[in-house]
Amino acid sequence: MSGGKTLQGPKVFVIAAEESGDRLGAGLIKALRERLGPAATFSGIGGSHMAEQGLVSLFPTEQLAIIGLVAIPKRLPMILRRIREATDAVIAAKPDVLVIIDSPDFTHRVARRVRAANPSIPIVNYVSPTVWVWRPGRARKMRAYVDRLLAVLPFEPEVHRKLGGPPCSYVGHPLLDDLGALRPDADEQARRAAQPPVLLVLPGSRRSEIRRNMAIFGETLRLLREQGVVFEPVLPTIPHLVEAVRASAATWPVRPTIVASESDKRAAFRVARAALAKSGTVTLELALAGVPMVTAYRVTELEAFIARRVIQTSSIILPNLILGENVIPEFLQQDFTAENLAPALRDVLADTPARQRQFEAFAKIEQIMSTGGRKPSVLAAEGVMAAIR
């Protein structure tokens, strides 16, 4: 770091538009504050986790938590207004570094405008856009406005190197910080092996996913029960979705135990024998917790039509992408049926070669993702400090 001002108290502007980014932002601010000292100042946009670290958000991030192409047009005027507000705030603050976290449809638009208005502000992107799934051309375009990319998946630096993206380093996935909370102790391991086995049901963390997935997940449990499979279903969700989940599950012939707190969710992961999960970060969480799974995903027909033309990978499941092989079964779009899911789940609930294959894959994933015992938030903080000038 050079220049008296930076050493005395750098100004860091952090933008995180969604819950997962907010958690990363909180860990990053904490690690930066420990290294930069009390003179460092933090401003930006974030949620409750970043607020706990003292950040006063420019506006509430709940407004930006949208998913799907269909939802975007209705919210476009508001999103564009927030992009302008965020850009103006960064330019006015003249920070020593701007850190954008995930949510590329929002954060990258801000970053491009900031770069055009004031090229002297270093920009760090924490969490790569999914250029390895679709729109690979974004990697090269990012070079114009991202000085340093902090990747949370181990294969991403090589992807960006091949695609001509910005300088990229792997800092580790935040889930690596939570391994202790995900792994069973001796009693919990015994419960994993006991009868009836705990089956996690994970339909998603957004209302659209609950609407789309709950009926088929319920039908899958019914088929399993009719086929004589004994299990205890547990459905972890988040507090603001509890009522929607409870209403959907009320029609299920097999009623799940619904848990909503983070500690209850982690406790369920530690005793579960298998899981039925919507694809997403939760699949990596299950892999690190050592829970064999079957995954499913469905989007609108319009989104599926577009996806078929642009998706570059043979899998959308994170553990499969990290391994470079499709070990975890995934049922997408028209294959997402109870008739397909039930036999696949029966396979991972019982002691079968398919179940054993997943255990072997989980051991490899942990090895591939290792950061040598260093905390991802600390490695990310070091990456941000290196960009401050």
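The values are calculated or read from the model by the stated rules, or taken from the named source; none is laboratory data. Note that the coordinates shown come from a computational prediction; the quantities given were computed from them, not determined experimentally. Every residue, glycine among them, receives a Cβ derived from its backbone with ideal geometry; neighbour counts consider all protein chains shown. Ligands, DNA and RNA are excluded from the accessible area calculation, which covers all protein heavy atoms including side chains. Shrake-Rupley method; radii C 1.70, N 1.55, O 1.52, S 1.80 Å.
Can you give me the % of accessible surface on segment 179-369 that is carbon or sulfur? Probe 1.4 Å, all protein chains present, nothing else counted.
The C+S portion of the solvent-accessible surface of segment 179-369 is 53 percent.
Taking 4 °C and 1.567 mPa s as the conditions, I'd like the Stokes-Einstein D for segment 235-304 in µm²/s, using the Kirkwood hydrodynamic radius from alpha carbon pairs.
D = 96 µm²/s.
For residue 170, list long-range residues whose amide hydrogen, built 1.01 Å from N in the peptide plane, is under 5 Å from its own amide hydrogen.
For residue 170, whose amide H was placed from the backbone, the distant partners under 5 Å are 151.
In whole Å, what three semi-axes, largest first, describe the equivalent ellipsoid of the chain built from its Cα gyration tensor (square root of 5 times each eigenvalue)?
Taking √(5λ) for each eigenvalue gives 38, 22, 20 Å, largest first.
Taking θ = phi - 60°, what integer Hz values does the Karplus form 6.51 cos²θ - 1.76 cosθ + 1.60 yield along segment 323-337, in sequence order, with x for Gly and Pro?
In residue order, the calculated couplings are 6, x, 8, 8, 8, 8, x, 10, 10, 10, 6, 5, 7, 7, 9 Hz.
Checking a compactness column here: for segment 4-146, what do you get for Rg(Cα) / (2.2 N^0.38 Å), N being the number of residues?
Segment 4-146 yields a ratio of 1.02.
Measure nothing but the geometry: give the 0 to 90° angle between the long axis through the Cα atoms of 19-36 and the longest principal axis through the Cα atoms of the chain, rounded to 10°.
50
What are the residues whose amide H is under 5 Å from the amide H of residue 45, where those residues sit 5 or more places off or on another chain and H is modelled from the backbone?
14, 15, 16, 58
Normalized C-alpha radius of gyration of segment 179-369, against 2.2 N^0.38 Å?
With N residues counted in segment 179-369, Rg over 2.2 N^0.38 Å equals 0.97.
Taking a threshold of 27 Å on the Cα-Cα distance, which of the pairs 162/364; 11/162; 30/94; 278/364; 30/265 fall above it?
Correct reply: 11/162.
Kirkwood Rh, Cα Rg: Rg to Rh for segment 124-198?
1.27
Does segment 16-65 classify as rounded, prolate or oblate by the C-alpha gyration tensor (a ≥ b ≥ c root eigenvalues; a/c under 1.5 gives rounded; else a/b over b/c gives prolate, otherwise oblate)?
Note, shape of segment 16-65 comes out prolate.
Given a 1.4 angstrom probe, what's the average accessible area per residue across segment 199-260, in square angstrom?
In whole numbers, segment 199-260 has 44 Å² accessible per residue.
For residue 235, enumerate residues with amide H under 5 Å from its amide H, sequence gap 5+ or separate chain, H modeled in the peptide plane.
When sequence neighbours closer than 5 places are left aside, the close amide H contacts are 201, 257, 258, 259.
Could you state the angle between the C-alpha long axis of helix 338-349 and the longest principal axis of the C-alpha atoms of the chain, as a value from 0 to 90 degrees rounded to the nearest 10?
90
What do you get for the angle between helix 353-369 and the principal long axis of the chain? Use alpha-carbon atoms, 0 to 90 degrees, nearest ten.
Long axis of 353-369 versus the principal axis of the chain: about 10 degrees.
Where does the charge balance sit around residue 84 when Lys and Arg score +1, Asp and Glu -1, over other residues with C-beta under 13 Å from its C-beta?
Surrounding charge for residue 84 is +3.
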